[in-house]
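First the structure, in the form of C-alpha cells, and then the observations on it.
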Amino acid sequence: MASLMQNEELKAELGDKFEELGDMVHSLKSNMKRLAEMSKNSKPLQLEMQHKTTYSKWDSLNEPDNVIENVLEDDHKQYKALQPNFDFIINGGQEAYIANI
C-alpha cells in the first residue's frame with residue numbers, strides 16, 4: 001500500500017482522484033475480507049425435485065430411462081418432453097442465500 005501511495009506515475013495519471021485511492025483500497029480490502037468469510041461459511045445446496053413424478057404404464061415400459069430426475073444428473077442421460085415443466089426445491093425448503101447458479 002505504501003509503495004502504491006508513493007507511485008508518482010500513478011499520481012499523475014489519476015490527478016485529483018489520487019487522494020481517494022487510499023480510501024478505495026481500504027474499502028476494497030474490507031469487501032474482499034467479507035467475501036472471503038462468506039465463502040468460507042458457504043456450502044453447496046442440494047437441488048431436488050419438489051414433487052415425485054409418476055409415469056404412465058406406457059412410459060414405464062417404452063421409455064424407462066426417460067425420467068425427469070435425469071436433469072439433476074451430470075452425465076449423458078436426458079429427459080425429453082414436449083412441454084417440460086421442472087419443479088425444483090433447494091436446501092430442503094429452508095431459507096438460503098444463493099450467490100451463484
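Overview of results
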item: Order of 87, 74 - criterion: other Cβ atoms within 10 Å of each residue's Cβ, fewest first; result: 74, 87
item: FRET E, pair residue 91, residue 23, Förster distance 30 Å, beta-carbon r, rounded to 0.05; result: 0.20
item: Region 47-93, Cα convex hull volume normalised per residue, Å³; result: 78 Å³
item: Cβ-Cβ FRET estimate between residue 61 and residue 41, R0 fixed at 41 Å, reported to 0.05; result: 0.30
item: Lysine pairs in the chain with Cα atoms under 23 Å, if 8 or more residues apart or on separate chains; result: 8
item: Which of 72, 35 has the fewest Cβ neighbours within 10 Å, and the rest in rising order; result: 35, 72
item: Residue-averaged 222 nm ellipticity for the chain, from DSSP H runs of 4+ at -39500 (n - 2.57), nearest 500; result: -11000 deg cm²/dmol
item: Relative contact order of region 47-93, pairs being alpha-carbon contacts under 8 Å that are 6 or more residues apart, as %; result: 53 percent
item: Option label - Cα extents along the principal axes in Å computed here, alternatives (1) 77, 28, 21; (2) 75, 17, 10; (3) 42, 36, 17; result: (1)
item: Order of 24, 49 under a 10 Å beta carbon neighbour criterion, fewest first; result: 24, 49
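None of the figures in this text is laboratory data; all of them are computed from the coordinates on show. Given the structure is predicted, the values throughout are model-derived calculations rather than measurements. Cβ sites come from the backbone with ideal geometry, for glycine too, and all protein chains shown count toward neighbours.
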